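See below for the structure under consideration.
Please treat every number below as a calculation from the coordinates, not as lab data. Remember, predicted model here, so these are calculated numbers, not experimental data. Methodologically, a virtual Cβ is constructed for each residue, glycine included, from the backbone with ideal geometry; neighbour enumeration extends over all protein chains shown.
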Amino acid sequence: MKTNYIKRDIEKTVKHYAGIFPAVAVLGARQTGKTTMLQNIFEKNYKYVSLDDLEQREYAENDPKGFLEDLGSRVIIDEIQYVPKLFSYVKMKIDAEPSVMGRYIFTGSQNFLIMKDFTETLAGRIGIINMHPLACTEIPLVSAKPQVLFEQGSIRGGYPVLWKKRNLTPDEWYKSYIKIYIERDVRNLFNIGNLRSFNTFVRILAGRAGQILNMSALAADSSVTVNTIKSWLSILESSGIIYLLYPYHKNIRSKLVKSPKVYFLDTGLICYFNGIDSADRMQKTGQKGALFENYCISEIVKAADNKGADIELSFFRNHSGLEVDLIVENRKAVFAVEIKAGLSSGSGAAAGILRMEKEYPSLTVNAGYVITYNPESIPVAKNVKSISFVDFINKVM
């Protein structure tokens with residue numbers, strides 16, 4: 001193992017998939033550590049090739065059969081979205097020896113460009129895993145109190161290089177990351193004409209993290225059409241930058257909101273766009289509550305994908321203003337969750353949960369939680385406890 005390698009929680013899931021599928025795809029934003037992880041856990045038995053390399057990409061495009069033949073029996077192919085025609089040839093290789101598991105490991109940075117090819121060409125032959133920036137259990141602050149994990153993890157973000165090179169400031173790194181992401185991936189792969197408008201849109205979105213999406217308002221503020229906003233949201237979602245949390249709707253005959261909320265999967269991006277470089281600045285901007293909510297949602301999403309957990313996430317809100325931040329459903333239970341930045345919470349923090357249970361008895365809630373960064377679990381109302389985000393993640397996964 002490399003001396004500066006940060007061990008990832010998702011490793012066990014990746015190894016498991018490689019043992020039960022002929023091919024595995026690890027998808028996620030650039031710089032999340034996909035390649036480093038795969039090379040670390042499969043370095044002894046797998047050849048590695050990147051389609052970021054223009055020569056390799058041209059070879060794969062012009063002679064996909066010969067390209068795969070040269071790579072041998074086990075290979076990691078990086079940035080597979082550049083040559084989707086490879087999937088048909090991979091399918092033939094797999095079908096010739098269907099009992100051989102873990103032959104091909106792919107990575108990709110743009111999910112929707114390749115998901116259709118995966119599902120149509122390699123259905124039943126490939127396991128798909130989403131990989132995100134570092135989770136709170138992975139950053140080199142795992143022994144810190146939850147409040148420190150939140151504050152430092154949010155400001156510095158979750159990209160591995162920022163934790164390996166501590167002399168690298170988040171501001172300078174994110175500035176470069178955004179430039180490369182926009183100029184390289186967005187321009188080359190999505191053919192966006194006005195990059196400045198797209199950049200403005202991302203900045204506006206970062207200021208509205210945790211809010212219900214208002215397409216018309218975003219379009220007006222970004223000086224583009226609603227259809228353009230829809231397209232740009234799809235790009236950010238498929239690239240592993242944002243996560244859309246959809247409203248709860250099951251078994252309830254009532255007028256509930258239909259639009260999703262938007263969260264960034266890396267809070268460092270939000271802090272960068274909003275000029276938050278310290279815990280004090282976080283407090284003064286008045287964005288601490290929204291940032292903590294985004295942080296908790298993103299950590300739950302990361303933990304679920306890292307562990308391969310079968311859970312469903314949603315939020316609850318009706319048109320009369322009743323809202324609960326998060327509904328978590330796993331195979332055993334349903335949890336209603338409020339998220340409050342702070343070390344303590346009173347009974348008022350559970351008001352939305354209690355009202356929802358009373359007004360919507362068909363929604364069976366097994367337990368309610370108020371997530372804070374207090375490491376102690378404290379009862380705040382009937383069947384509702386205050387709990388740290390770290391303990392909550394361990395409880396529901």
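When the chain is fully extended, how far beyond the present Cα-Cα distance does THR364 get from LEU256, taking 0.36 nm per residue of separation?
Between THR364 and LEU256, full extension yields 37.2 nm more.
What is the local net charge at LEU326, summed over the other residues whose Cβ is closer than 14 Å to its Cβ (Lys, Arg +1; Asp, Glu -1)?
Computed value for this residue: -3.
Stretch ALA351-LEU168 to full length: gain in nm at 0.36 nm per residue minus the Cα-Cα span?
61.5 nm is the gain from fully extending ALA351 to LEU168.
For the chain, what's the relative contact order in percent, using C-alpha pairs closer than 8 Å and at least 6 residues apart?
Reported as a whole number, the value is 15 percent.
Each label point is 7 Å from the Cα along the Cα-to-Cβ direction; what then is the distance between the points at LYS47 and SER231, in nm?
3.9 nm
Using 1/(1 + (r/R0)^6) with R0 = 51 angstrom and r between the beta carbons of GLU120 and ARG281, what's the FRET efficiency to the nearest 0.05? Mind dumping the intermediate values first?
Numbers: r = 48 Å, r/R0 = 0.94.
Efficiency, from the Cβ-Cβ distance: 0.60.
What do the square roots of 5 times the Cα gyration tensor eigenvalues come to for the chain, in whole Å, largest first, as semi-axes of the equivalent ellipsoid?
One finds semi-axes of 37, 24, 22 Å for the chain.
So what's the angle, to the nearest 10 degrees on a 0 to 90 scale, between helix 288-307 and the longest Cα principal axis of the chain?
In the chain, helix 288-307 runs at an angle near 50 degrees to the longest axis.
What's the percent breakdown of Cα-Cα distances in the stretch 213-323 across 10 Å bins, shortest bin first?
12, 34, 39, 14, 1
What are the residues whose amide H is under 5 Å from the amide H of TYR48, where those residues sit 5 or more places off or on another chain and H is modelled from the backbone?
ILE76
Could you tell me the relative contact order of the stretch 146-287? Use alpha-carbon pairs under 8 Å, at least six residues apart, and round to a whole percent.
Working: 134 pairs, mean separation 45.4, N = 142.
Relative contact order, the stretch 146-287: 32 percent.
Using the basic label-point model (7 angstrom from Cα toward the beta carbon), what is the LYS175 to GLN39 distance in nanometres?
2.8 nm
Extension gain TYR246-LYS7, at 0.36 nm per residue separation less the Cα-Cα distance, in nm? Please report the intermediate quantities before stating the final value.
Numbers: separation 239, 0.36 × 239 = 86.04 nm, distance 3.14 nm.
In short, 82.9 nm is gained.
Quick check: net charge around VAL390, other residues with Cβ under 11 Å of its Cβ, Lys/Arg +1 and Asp/Glu -1?
Net charge in that neighbourhood comes out at 0.
Compute, for the chain, the length of the dipole vector about the Cα centre, with Cβ point charges of +1 (Lys, Arg) and -1 (Asp, Glu) only. Units Debye, rounded to 20.
Rounded to the nearest 20 debye, it is 700 debye.
Counting only DSSP beta bridges with both residues in the chain, tell me the antiparallel percent, nearest 5.
Restricted to the chain, the bridges split so that about 40 percent are antiparallel.
Taking R0 as 41 Å, what FRET efficiency do you get between ALA309 and ASN194 from their Cβ-Cβ distance, rounded to the nearest 0.05?
0.55
Extending each Cα 7 Å along its Cβ direction at SER216 and LYS382, get the distance between those two points in nm, one decimal.
Those two pseudo-labels are separated by 4.1 nm.
Give the residue from ILE10, VAL396, CYS271 lying farthest towards the positive end of the charge dipole for the chain; charges sit on Cβ (+1 for Lys and Arg, -1 for Asp and Glu) and the dipole is referred to the Cα centre.
So the residue furthest toward the plus end is VAL396.
For the stretch 11-130, just list the percent of Cα-Cα distances falling in each 10 Å bin from zero outward, please.
Values per bin, smallest distances first: 14, 52, 32, 1.
Taking the chain as the reference, fit the longest principal axis to its C-alpha atoms, fit the long axis of helix 226-238 to the helix C-alpha atoms, and give the angle between the two in degrees, 0 to 90, nearest 10.
Around 70 degrees separate the two axes.
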